[in-house]
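A quick write-up on the structure given underneath.
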Amino acid sequence: MIKKTAKLHKINFLEASSTLIGTVIGAGILGLPFASSKVGFLPAVLILFVAGVVVVIINLMFVEVVLRTPHIHQLPGYAGIYLGHFAKKITLYSLLLASYGSLLAYTIGISQVLSDLFGGSEFLWALLFYTIGSFFVYKGLNIIKKAEFLMMIIIFSLIVLIAMFSFDKINIQNLIYIRWGEWIVPYGVMLFAYAGLVAIPQMRQQMAKGEERYISFSVIFSFIFIFVVYALFIFLVMGVTGQQTTAIATIGLGHRIGTLMLIIGNLLAFFTMSTSFLTIGLGIKEIFDFDYAWGKTKSWIMAVFFPALFYLIGARDFIKILSVAGGFLIGIQMVIIILSFLKAREKGVRIPEFELKNIRILSYILIIVLIIGIISTVQVFFK
């Protein structure tokens with residue numbers, strides 16, 4: 001019985017971790033080298049680390065909010081419970097726009113990757129991928145959960161292959177320049193690249209009763225893994241392509257190194273964006289299903305209709321979508337999570353299996369930092 005229970009803990013921990021990793025490592029990783037090239041490798045890794053620490057803290061806050069609440073919701077539902085109806089609306093709109101932006105970015109990226117690999121129209125590849133991806137979103141958690149774990153292994157293997165083929169092509173001159181004045185450029189892309197808040201309620205579903213305390217360990221483990229993958233990927237791509245890094249990094253890397261790298265890099269891009277498309281799509285569907293009781297089919301339509309519409313009317317700027325979704329929309333969500341966390345400590349009716357200690361002052365500091373980021377992103381966007 002003890003061995004069986006330990007095995008169950010391990011399986012659920014890996015499933016939850018793979019869900020979060022699969023959600024986070026998506027289109028954002030492909031924009032990281034381009035954004036990092038604007039400031040230089042060392043400043044970029046420092047920003048990446050600090051942003052990662054901030055995101056881990058906010059994710060752990062959300063874990064506590066989820067565990068203080070008896071029923072499963074998504075972020076708008078929790079904001080409504082603890083902050084009121086207006087906060088729920090603001091949260092819903094920001095989350096939907098950011099999530100739709102994510103699905104749109106994944107579709108743009110995958111269409112370019114498939115066109116680069118196999119030729120043909122980016123538009124037709126986008127249509128084919130979106131149709132298949134939408135079908136899997138409709139089918140729900142069980143299929144996505146199995147796909148996430150398999151694709152996490154594939155992603156890690158492809159990163160290793162890229163390292164093997166790229167390492168001897170690295171030019172140290174591409175890694176030593178510094179331009180701190182442009183630090184705001186990678187801010188939105190990095191925040192987007194770390195975004196995976198919609199996975200937290202799904203992780204609670206994947207944990208058996210009595211195992212909820214392991215969610216916090218899963219979050220920390222997942223983001224350590226993600227930081228290492230991101231830093232390695234930035235190092236490899238910038239080391240090879242430097243200030244000529246392309247917006248979708250694997251395309252430029254592949255053309256610089258050769259056909260084999262073009263195939264391997266584009267496979268990485270495909271798998272990372274595919275996993276995130278599945279989990280983000282499911283998260284949007286659950287907003288309407290869990291929080292608004294619209295039912296499976298109507299909720300699915302709301303999840304997949306608008307990104308397709310945005311694509312069809314011409315919204316296809318990959319980097320701009322990542323930047324605005326990250327710096328502005330995800331920034332708003334994180335502020336709301338912190339406020340919900342503070343209020344949940346007063347109004348929560350369930351004793352959480354995990355609780356952060358001595359965090360109130362840091363919470364206010366994080367709110368100020370995020371608001372500065374939101375304002376800066378808007379200023380840059382409208383320049």
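Here, each number is a calculation from the coordinates, and none is a lab measurement. What you see is a predicted model; the values in this text were computed from it and never measured. Cβ coordinates were reconstructed from backbone atoms using ideal geometry, including for glycine residues, and neighbour counts include every protein chain displayed.
With charges set only on the Cβ (+1 for Lys and Arg, -1 for Asp and Glu), what does the dipole of the chain come to about its Cα centre, in debye to the nearest 20?
My answer is approximately 740 debye.
Under the 0.36 nm per residue contour assumption, what length would be gained going from the current alpha-carbon distance of L97 and F381 to full extension?
100.6 nm
I need to check one value: relative contact order of the stretch 1-134, counting alpha carbon pairs closer than 8 Å and at least 6 residues apart, in percent.
Relative contact order here is 15 percent.
Using only the alpha-carbon atoms, how far is helix 141-166 inclined from the longest principal axis of the chain? Give it as 0 to 90 degrees, nearest 10.
For 141-166 against the chain, the angle is about 30 degrees.
Determine the gain in length on full extension of the stretch F305-I224; use 0.36 nm per residue of separation and subtract their C-alpha separation, reporting nm with one decimal.
Values: separation 81, 0.36 × 81 = 29.16 nm, distance 3.42 nm.
Going from the current span to full extension adds 25.7 nm.
Highest mean first, how do 307-314, 71-78, 86-93 rank when packing is the count of other Cβ atoms within 10 Å averaged over residues?
71-78, 86-93, 307-314
To test your reading of the geometry: what angle, between 0 and 90 degrees and rounded to tens, separates the Cα axis of helix 331-347 from the longest principal axis of the chain?
20
Determine the distance separating the Cα centre of the stretch 57-123 from the Cα centre of the stretch 287-359; give it in Å without decimals.
4
For the stretch 305-383, with only Lys/Arg (+1) and Asp/Glu (-1) charged at the beta-carbon, what is the dipole magnitude about the Cα centre, in debye rounded to 20?
Dipole magnitude for the stretch 305-383 comes out near 120 debye.
How many nm is it between the label spots at V50 and K209, if each spot is 7 Å from the Cα in line with the beta carbon?
4.6
Can you compute the FRET efficiency between E346 and L14 using 1/(1 + (r/R0)^6), with r the Cβ-Cβ distance and R0 = 30 Å? Round to the nearest 0.05. Provide the component values of the computation, followed by the final result.
On the way: r = 35 Å, r/R0 = 1.16.
My answer for the efficiency is 0.30.
Provide L117, L14, L30, L104 in ascending order of the number of other Cβ atoms located within 10 Å of each residue's Cβ, fewest first.
The fewest-first ordering by Cβ neighbours comes to L14, L117, L104, L30.
What full-extension length gain, to one decimal in nm, is calculated for I154 and K298 as 0.36 nm per residue of separation minus the Cα-Cα distance?
Working: separation 144, 0.36 × 144 = 51.84 nm, distance 3.29 nm.
That works out to 48.6 nm of additional length.
Using the Cα gyration tensor of the stretch 203-332, with a ≥ b ≥ c the square roots of its eigenvalues, what is the shape: rounded (a/c below 1.5), prolate (a/b larger than b/c) or oblate (neither)?
Taking the square roots of the gyration eigenvalues as a ≥ b ≥ c, the stretch 203-332 is oblate.
Computed on alpha carbon atoms, what radius of gyration and Dmax characterise the stretch 18-79, expressed in Å?
15.3, 46
Quick one: grab the alpha carbon gyration tensor of the stretch 310-383, order the square roots of its eigenvalues as a ≥ b ≥ c, and give me rounded if a/c is under 1.5, else prolate or oblate depending on whether a/b is larger than b/c.
In terms of gyration-tensor shape, prolate.
Kindly write out, for the stretch 37-50 in residue order, the coupling ³J(HN,Hα) from the Karplus curve 6.51 cos²θ - 1.76 cosθ + 1.60 (θ = phi - 60°), rounded to whole Hz, with x marking Gly and Pro.
Values per residue, Gly and Pro as x: 5, 6, 10, x, 5, 5, x, 5, 5, 5, 4, 4, 5, 4 Hz.
How would the chain be classified by its alpha-carbon gyration tensor: rounded, prolate or oblate, with rounded meaning a/c under 1.5 and the a/b versus b/c comparison settling the rest? Let's see the in-between values first.
On the way: a/c = 1.45, a/b = 1.35, b/c = 1.07.
Verdict is rounded for the chain.
Given R₀ = 22 Å, what would the calculated FRET efficiency be for I371 paired with A315, taking r from the Cβ atoms and rounding to 0.05?
Plugging the Cβ-Cβ distance into 1/(1 + (r/R0)^6) gives 0.25.
May I ask for the angle, rounded to the nearest 10°, between helix 27-36 and the longest principal axis of the chain, with both axes built from Cα atoms and the value confined to 0 to 90°?
For helix 27-36, the angle is close to 60 degrees.
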